[in-house]
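Here the structure comes first, spelled out in structure tokens, and everything after it is commentary.
Bear in mind that the values in this text are calculations on the coordinates, not laboratory data. Small disclaimer: the values here were computed from a predicted structure and weren't measured. Cβ placement follows ideal geometry from the backbone for every residue including glycine, while neighbour counts extend to all protein chains displayed.
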Amino acid sequence: MSEKKRLMPKGHWDWSIPVPFSQGWSVSGGRLIYVGGQISADEHGRTIGVGDIEVQTRNVFNNIRKVLREAGADMQDIIKFNTFYVYEGEGDAIREYWEKMTRVRMEFFKEPAACGTGVRVTGLAYPDLLIEVEAIAWVPDGR
């Protein structure tokens, strides 16, 4: 039987205005988890780590972990994630920026890790945000 559960961890960041959106959903009896776009923000929606892609990336992945734990899952259950990041440089500078972000992301995954997509964007919902990540996780039977 298919069921769904809203995921809204206590003390998690919130939007700057009241909205009906969710941080995530657990469906199919808890086996499939969708984590909405996570940002580096405090519980009032204020950006943490302005100008620092490493701090923001770490906060984003910790926020993903928090939503997954609400559903009884962990980072190794992620099967797909999409990263949206802001950067205006060119050439080697973009590679160095991406590598900083990726080194932090690698702190959260073990081999074999999820498949991922990185999309460079001109901006996100709030002007100081540098990264937003959404994820899909699958929890194996028996857990």
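Note on the stretch 13-29: among residues that are closer than 30 Å to P140 by Cα and aromatic (F, W, Y), the one that is surrounded by the most Cβ atoms within 10 Å (Cβ to Cβ) is W13. Does any residue of the stretch 125-142 turn out to be assigned to a loop (DSSP other than H, G, I, E, B), in contact with a helix residue (DSSP H, G or I) (Cβ under 6 Å, 6 or more places away or on another chain) and among the β-branched types (V, I, T)? Looking through the stretch 125-142, at least one residue is assigned to a loop (DSSP other than H, G, I, E, B), in contact with a helix residue (DSSP H, G or I) (Cβ under 6 Å, 6 or more places away or on another chain) and among the β-branched types (V, I, T).
Checking each residue in the stretch 91-143 for being hydroxyl-bearing (S, T, Y) and under 27 Å from L32 (Cα atoms) picks out T102, T117.
Of the residues that make up the stretch 98-113, is at least one part of a loop (DSSP other than H, G, I, E, B), free of Cβ contacts under 8 Å to residues at least 40 places away in the same chain, surrounded by 13 or more Cβ atoms within 10 Å (Cβ to Cβ) and of a type in the set (D, E)? Taking every residue of the stretch 98-113 in turn, none turns out to be part of a loop (DSSP other than H, G, I, E, B), free of Cβ contacts under 8 Å to residues at least 40 places away in the same chain, surrounded by 13 or more Cβ atoms within 10 Å (Cβ to Cβ) and of a type in the set (D, E). Of all residues in the stretch 1-22, those satisfying the criterion of being part of a strand (DSSP E or B) and over 16 Å from the mean Cα position of the chain (by Cα) are K4, K5, R6. Only one of these conditions is not met by N59: (1) touching a residue at least 24 places away in the same chain (Cβ under 8 Å); (2) crowded, with 19+ Cβ neighbours inside 10 Å; (3) closer than 18 Å to L124 by Cβ; (4) not basic (K, R). Which number is it? All conditions pass for N59, except number (1).
On the stretch given as the stretch 69-97, residues that are loosely packed, with under 14 Cβ neighbours inside 10 Å and assigned to a loop (DSSP other than H, G, I, E, B) total 5.
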